[in-house]
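Have a look at the structure below before the remarks.
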Amino acid sequence: MQFIIERASSFAADIDFMILLIALLGGFWFFVAQGILWYFMFAYRRSKNPKAAYVSGEKPEETKWIHWPHYAVIVCDIVIIAFALKIWFGVKQTLPPPDSTIRIVAQQWAWKFYHPGPDNQLGTADDIGTVDELHVEVNKTYHFKLESDDVLHSFSVPVFRLKQDAVPGRIITGWFKPTKTGQFDIQCAEMCGIAHGAMAARIHIESPEDHQAWVKSLRPDQVTKQNQQESTTEQNPSKGTEAI
Ligand SMILES: [Cu+2]
């Protein structure tokens, strides 16, 4: 089935399933209720029933028409809640171990992204900072540390089915795992001021080779240093200890 917005994260299908389930169960009862309403409007129209019947709604054969649909709706609610809890737990309560961590800072009106750089450690000298451009590798699990410099914003990646508020004074940790290469939209989903609508960015989901090439193009010196360090450590594992 072709969706209007494609899916590019490990949990996108779960979120779509949840939306579809709610639409189908809610839609079913909506059409049943509307159908009955329109049937009654025509069946008991004034020309056929000039004198209105007095129905107190207290006899069991009358109250059952309230009770049984009510129970059926509650059963649907329980089905929705059960799936919602399972999916919410998997997406928001669980934090799978990361392959890499990025820092995202929202401000009026741009997104600042901090990538860990060649050493894959955030907060070190080789970090790569960008504005309105996030680069990630496909099929890798990312943690993000989301912050805001000023007001409430919301980090939204429609192809991931991900949306997370950025709250000033807090660092909010979340995760995602891209499953498809390409360039997709990032938007701010929280009214944050006059240029809120212009707060758009792009996520570049790259193959490992393309991602490495991007890192190398911005940090050529560190990439070489990192590779040298790795090869020396492999040749002489005790070297690291000696240095300490
Ligand atoms: Cu914003």
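Values quoted throughout were computed directly from the atomic coordinates according to the rules given, and no laboratory measurement underlies them. Remember, predicted model here, so these are calculated numbers, not experimental data. Please note: Cβ atoms are built from the backbone with ideal geometry, for glycine as well, and neighbour counts cover all protein chains shown.
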## Note on the structure
Hull volume per residue for the stretch 12-93, using the convex hull of the C-alpha atoms, in Å³ is 104
### Table column - 3J(HN,Hα) (Hz), the stretch 88-98, Karplus curve with 6.51, -1.76, 1.60, x for Gly and Pro
4, 4, x, 8, 9, 8, 9, 10, x, x, x
### Query
Quick one: putting +1 on the C-beta of Lys and Arg, -1 on the C-beta of Asp and Glu, what dipole do you get for the chain around its Cα centre, in Debye to the nearest 20?
1420
### Message
Given a Förster distance of 22 Å, report the FRET efficiency between residue 121 and residue 213 from their Cβ-Cβ distance, rounded to the nearest 0.05.
### Response
0.60
### Query
Quick one: of the DSSP bridges fully inside the chain, what percent are antiparallel, nearest 5?
70
### Task
List the relative contact order of the chain as a percent without decimals, with contacts defined as Cα pairs under 8 Å and 6+ residues apart.
20
## Note on the structure
Among beta bridges assigned by DSSP with both residues in the stretch 93-170, the antiparallel ones amount in percent, to the nearest 5, to 65
#### Entry: Percent of Cα-Cα distances greater than 34 Å, calculated over the chain
41
### Message
For a Förster distance of 25 Å, can you work out the FRET efficiency between the beta-carbons of residue 31 and residue 52, rounded to the nearest 0.05?
### Response
0.40
### Summary
Given the candidates 176, 194, 220, the one whose Cα lies deepest towards the positive end of the charge dipole of the stretch 100-232, counting +1 at each Lys or Arg C-beta and -1 at each Asp or Glu C-beta, is 176
### Query
Using the Cβ atoms and a cut-off under 12 Å, what net charge is assigned to the surroundings of residue 139, where Lys and Arg are +1 and Asp and Glu are -1?
0
### Task
Only Lys, Arg, Asp and Glu count, each charged at its Cβ (+1, +1, -1, -1), so figure out the dipole size of the stretch 100-232 about its Cα centre, rounded to 20 debye.
320
### Message
Amide H of residue 202 versus every other amide H placed in the peptide plane: which residues, excluding those fewer than 5 positions away on the same chain, fall under 5 Å?
### Response
133, 134, 186
### Message
Starting from the 7 Å offset along Cα-to-Cβ, what nm value, one decimal, do you get for the label separation of residue 195 and residue 78?
### Response
5.3
### Task
Can you tell me the FRET efficiency between residue 65 and residue 23 if r is taken as the Cβ-Cβ distance and R0 is 30 Å, rounded to the nearest 0.05?
0.70
### Query
Given H placed on each backbone N at 1.01 Å, which residues far from residue 146 in sequence or on other chains put an amide H within less than 5 Å of it?
104, 172, 173, 174
